[in-house]
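What follows is a single structure, written as structure tokens, with notes after it.
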Amino acid sequence: MECFVQYLDDLEDLYYAVALIWERIRTRVRFAVFVIASLALQVFGVFIALNSPPIAVAIASLLLVALLYRGAVSPITSHPAHA
């Protein structure tokens, strides 16, 4: 019976070790996707600005208004270190 309990304990340790490794991989993949998307948006913005400056200004204005709206409407949350 002791061997069976030890076997289950080893399986549990393996399961949580894989979960921790998967979390690190997931974090790095999310960061890589964010960087690639950010670079793609910047290149697209430069391309639009070179081809049609009025459309680029309109897109920038819409993004600014959306950002200001989100800043005005979203609730203020305190930082966990300050709470």
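Scan the stretch 69-76 and give yes if some residue there is assigned to a helix (DSSP H, G or I), out of contact with any His (no Cβ under 9 Å at 6 or more places or on another chain), free of Cβ contacts under 8 Å to residues at least 40 places away in the same chain and surrounded by 10 or more Cβ atoms within 10 Å (Cβ to Cβ), otherwise no.
Yes: the stretch 69-76 contains one or more residues that are assigned to a helix (DSSP H, G or I), out of contact with any His (no Cβ under 9 Å at 6 or more places or on another chain), free of Cβ contacts under 8 Å to residues at least 40 places away in the same chain and surrounded by 10 or more Cβ atoms within 10 Å (Cβ to Cβ).
Does Ser61 fit the bill of being over 27 Å from the mean Cα position of the chain (by Cα), surrounded by 10 or more Cβ atoms within 10 Å (Cβ to Cβ) and of a type in the set (Ser, Thr, Tyr)?
no
For the stretch 25-58, which residues satisfy the criterion of being surrounded by 10 or more Cβ atoms within 10 Å (Cβ to Cβ) and either at positive phi or over 22 Å from the mean Cα position of the chain (by Cα) (or both)?
Once the filter is applied, which keeps residues that are surrounded by 10 or more Cβ atoms within 10 Å (Cβ to Cβ) and either at positive phi or over 22 Å from the mean Cα position of the chain (by Cα) (or both), the stretch 25-58 yields Val46, Phe47, Ile48, Ala49, Ser52, Pro53, Ile55, Ala56, Val57, Ala58.
Return a yes/no flag: does the stretch 38-59 have any residue that is part of a helix (DSSP H, G or I), free of Cβ contacts under 8 Å to residues at least 12 places away in the same chain and in contact with a Gly (Cβ under 9 Å, 6 or more places away or on another chain).
Within the stretch 38-59 (the criterion being part of a helix (DSSP H, G or I), free of Cβ contacts under 8 Å to residues at least 12 places away in the same chain and in contact with a Gly (Cβ under 9 Å, 6 or more places away or on another chain)), the answer is yes, since at least one residue qualifies.
Values quoted throughout were computed directly from the atomic coordinates according to the rules given, and no laboratory measurement underlies them. Keep in mind it's a predicted model, so treat the numbers as computed, not measured. Neighbour counts are summed over all protein chains in view; Cβ atoms, including those assigned to glycine, are modelled from backbone coordinates with ideal geometry.
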